[in-house]
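Quick notes on the structure that follows.
The values are calculated or read from the model by the stated rules, or taken from the named source; none is laboratory data. From a predicted model like this one, the values you see are computed outputs, not experimental measurements. Positions of Cβ are backbone-derived with ideal geometry, glycine not excepted, and every protein chain shown enters the neighbour counts.
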Amino acid sequence: MASPMRAVLLGSRAVRCLRVAALQMNYTAVSSRREISFKLDEKTAHSSLDLFKKDTGVIYHILGIDPTKVPQNPERFREWAVVLGDTPVGSGRHYWEVTVKKSNEFRIGVADADMSRDECIGVSNRSWVFAYSHKKWNAMVVNKIIPITNIGHPSKVGLLLDYEGRKLSLLDPEKGSLIHTLNADFRGPVVPAFALWDGELLTHSGLDVPDNL
């Protein structure tokens, strides 16, 4: 039979073990939660695009900037009005939102970080996007167009990237509902990607993945 003192010591040791286990569980929970926080990368922005609000928004100018007046580098898109995010993703689930109410023609999604700067997002197997044009939504991959009919023109949409699940989903944040999911064959790190032909878009990152998804 254990002595009273030994029982106290054993009890204290058990309490310490429980505390350590709780701290480890809490650390694991925090470590496994992934929240992408990104800005738009000016080095990739086509000359018709300007960044604003500390590089979280992009605006289209019909004339744009004289291409000879912007720094020339191999990361900049040359033919299409595209800009990429500055944070590559190679694992986990991530969620961000885009205010779209001031644009009527745009594409939003993800792209391989090293995709060709002579292509537009949505036309090859290096990008996966949702496009809005002529008051209609479509999903696009490898230049395949998939109509999306259960959405109008919300002021804001959400994007959920599941890297290991190879999926990119479009969400309605106001309704908390899933609109459409694209299956994607990610072969390496991807970054948020945006194409814009009028108005402006504003990004919101550093957000938790919605609990119901």
Specify which of the listed residues (PHE77, PHE52) is at pLDDT 90 or above and touching a helix residue (DSSP H, G or I) at 6+ places or on another chain (Cβ under 8 Å). PHE77
Expected single match for at pLDDT 50 or above, touching a helix residue (DSSP H, G or I) at 6+ places or on another chain (Cβ under 8 Å), closer than 30 Å to GLY176 by Cα and surrounded by 13 or more Cβ atoms within 10 Å (Cβ to Cβ) among LEU40, LEU84 is LEU84
Scan the stretch 89-110 residue by residue and report those that are of a type outside the set (D, E, K, R) and either assigned to a strand (DSSP E or B) or under 8 Å from the mean Cα position of the chain (by Cα) (or both). VAL89, HIS94, TYR95, TRP96, VAL98, THR99, PHE106, ILE108, GLY109, VAL110
Taking the stretch 156-196, which residues are over 15 Å from VAL89 (Cα atoms) and of a type in the set (Val, Ile, Thr)? VAL157, ILE179, THR181
